[in-house]
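Novice: I have a structure I would like to understand better, so I am pasting it below and will then ask my questions one at a time.
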Amino acid sequence: MTAAGCVLASDVFSVCLTHAFSTEGEEVMGLLIGQLDEKSVAHVSALVILQRSDKRPDRCEISPEQLTDAAMFADSLEHKLKRPMRVIGWYHSHPHITVWPSHVDVRTQADYQMMDPCFVGVIFSVFNIDKQTQESQITVTCFQSVTKYNSANEYERREVPLYIDKKLTFEVHNLQSLVSLPKVLLTEESIAYRASLPSGDGNLVTQLHNASVYSASVCHVLDTLVTPLMKSLNNRLEKNKETKRRLEQEKRNLQSEIEAANMSNYSALNRKPQNFSLLD
C-alpha cells in the first residue's frame, strides 16, 4: 500500500514555507502530522519544526528522539481535537537547488516507509531565480520511494499528487509552531557557538571571530525572520479586530431587526377587533 495523494492544509504550507526561507545556506526539516483516509490520501493538518543538530547544505537527518517527541505531540493533538492524528510524513528544504529528491532523500524516504507504507516526503525548493523572468521561483513536490525494476536494494522516487487545502483561519497549534520558529533557529546558533568555545585557554582572535559570527547570525534571524513575523502577526491581529467589529455590528443590526419584527407581531396580536354595523 502506498499513498494515493497528499492534502496539505494552507496554514501548514505557510509555516513550512516560512521555515524553508529562514536560511539559504543549509537545509531545514520538520515532521508532518495528520491522518490517512479510506482512499490512502494523507491529510496533513499540523507540523513539528525540528531543531538541527548538524547543519548541512545538502542533507538533513531526523533522530529517533525527534520522531518519538513528534509522535507524543500527535497523540496530544488527537486527544485535544478529538480526531485521529499521527506522524504521517516529513518535509525539508532545497535552497538554491532543484526540487527533485536526491539519492539520499530517496533512501531516507524508503527507510521511513518501512515503518509506514503511506509515509510521504515533501520538498520545498526555494531561493531559485527563473532564468527567463528573473523572478523568485518556489517549487514544491511530494514523493515516495519505490524499488527500481530488477533491483531490491535500489530505490527511485514516485511523485505523489499534492493538493493545498485553502483555509481562512490559522489553527492555534500551527500558529504556535510558527511563533516557535525563531526560538528554534536561535537555539541552533547558540548550540553551535557554545560548541566552538575552547575548553581551555584558546586563541583570542578565534574566540572573537566566533563571537562575531554568532552575533551576526542572531542579527540575521532577527532581521529576516523575527521582524517580518511580528509585522505579519500584527497585521493579522488588526485584520481580526476589524472582522470582529464588523461581525459585532452585523449582530447588533440583526438583533434590532428581530426586536422590531417581534414588536410588530406583538402589536398585531393584541390589536382589538373592530365592530361593524350593517345598514339595511
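The values are calculated or read from the model by the stated rules, or taken from the named source; none is laboratory data. What you are looking at is a predicted structure, and each value in this text was computed from that prediction instead of being measured. When we count neighbours, we look across all protein chains shown, and the Cβ atoms used for this are built from the backbone with ideal geometry, even at glycine. Protein only, heavy atoms only, side chains kept; ligands, DNA and RNA dropped before computing areas. Shrake-Rupley method; radii C 1.70, N 1.55, O 1.52, S 1.80 Å.
Novice: Ratio of alpha-carbon Rg to the 2.2 N^0.38 Å globular estimate for the chain, to two decimals, please. Spell out each step's value before the answer.
Specialist: Values: Rg = 27.7 Å, N = 280, 2.2 N^0.38 = 18.7 Å.
So the chain has a normalised radius of gyration of 1.48.
Novice: While we're on this one: When the chain is modelled as a GNM with alpha-carbon springs shorter than 10 Å, which of Ile49, Ile62, Ile88 fluctuates the most?
Specialist: Greatest mean-square fluctuation among the candidates belongs to Ile62.
Novice: A follow-up question, please. Assign unit charges at the C-beta atoms only (+1 for Lys and Arg, -1 for Asp and Glu), then state the dipole size of the chain relative to its Cα centre in Debye, rounded to the nearest 20.
Specialist: Values: 29 positive and 34 negative charges, 195 e Å.
About 940 debye.
Novice: Efficiency by 1/(1 + (r/R0)^6): what FRET value for Trp100 and Lys148, r their Cβ-Cβ distance, R0 = 25 Å, to the nearest 0.05?
Specialist: 0.95
Novice: Calculate the FRET efficiency for Thr2 and Leu175 from the Cβ-Cβ distance with a Förster distance of 25 Å, rounded to the nearest 0.05.
Specialist: Numbers: r = 32 Å, r/R0 = 1.28.
Working from the Cβ atoms, E equals 0.20.
Novice: For the range 1-128, what are Rg and Dmax over the alpha carbons, in angstrom?
Specialist: Rg and Dmax of the range 1-128, Cα atoms, are 14.0, 41 Å.
Novice: Residue by residue through the range 214-231, which ³J(HN,Hα) values in whole Hz follow from phi under the Karplus form 6.51 cos²θ - 1.76 cosθ + 1.60 (θ = phi - 60°), with glycine and proline marked x?
Specialist: Working through the residues one at a time gives 5, 4, 5, 5, 5, 5, 5, 4, 5, 6, 8, 10, 5, 4, x, 5, 4, 5 Hz.
Novice: Can you give the accessible area of Arg157 in Å² (nearest 10), computed on protein heavy atoms with a 1.4 Å probe?
Specialist: Per-residue accessible area (Arg157): approximately 100 Å².
Novice: Given a Förster distance of 35 Å, report the FRET efficiency between Ser215 and Tyr163 from their Cβ-Cβ distance, rounded to the nearest 0.05.
Specialist: On the way: r = 43 Å, r/R0 = 1.22.
It comes out at approximately 0.25.
Novice: While we're here: Taking amide H positions as placed 1.01 Å from N in the peptide plane, with prolines and chain starts having none, which residues 5 or more places from Val126, or on another chain, fall under 5 Å of its amide H?
Specialist: Hits under the 5 Å cutoff: His94, His96, Ile97.
Novice: Distances over 24 Å make up what percent of all Cα-Cα pairs in the range 97-199?
Specialist: Roughly 53 percent, once rounded to a whole number.
Novice: Using a 7 Å offset from the Cα along the Cα-to-Cβ direction at both Ser53 and Asp111, what is the distance between the two label points in nm, to one decimal?
Specialist: Using points 7 Å along Cα→Cβ, the separation is 1.1 nm.
Novice: Let me ask another. Select from His79, Ser102, Asn265 the residue farthest towards the positive end of the dipole of the chain; place +1 on Cβ of Lys and Arg, -1 on Cβ of Asp and Glu, and compute about the Cα centre.
Specialist: Highest projection toward the positive end goes to Asn265.
Novice: Can I ask one more? Exactly which GluC sites (Glu not before Pro) in the range 1-107 are in a DSSP loop and have at most 10 other Cβ atoms within 10 Å?
Specialist: Values: sites: Glu24, Glu26, Glu27, Glu38, Glu61, Glu65, Glu78; in loops: Glu24, Glu26, Glu27, Glu38, Glu61.
Taking the range 1-107 and a limit of 10 other Cβ atoms within 10 Å, the loop GluC sites (Glu not before Pro) found are Glu38.
Novice: Here's a follow-up. Ignoring any ligand, DNA or RNA, what whole percent of the accessible area of the chain comes from carbon and sulfur when the probe is 1.4 angstrom? Don't skip to the answer; put the middle values down first.
Specialist: Details: 9730 of 17830 Å².
Heavy-atom surface of the chain belonging to carbon and sulfur, 1.4 Å probe: 55 percent.
Novice: What's the long-distance tail for the range 179-253, i.e. % of Cα pairs beyond 20 Å? Intermediate results must be reported in sequence, preceding the final value.
Specialist: Details: 1504 of 2775 pairs.
The share of Cα pairs beyond 20 Å in the range 179-253 comes to 54 percent.
Novice: Only residues of the range 164-194 count here: report those whose backbone N is under 19 Å from the spot 7 Å along Cα→Cβ of Lys244, or say none.
Specialist: Flagged as within label range: 168-173, 175-176.
Novice: Then there's this: Which one, Thr141, Ala195, Met114, is farthest towards the positive end of the dipole of the chain when Lys and Arg carry +1 and Asp and Glu -1 on their Cβ?
Specialist: Thr141
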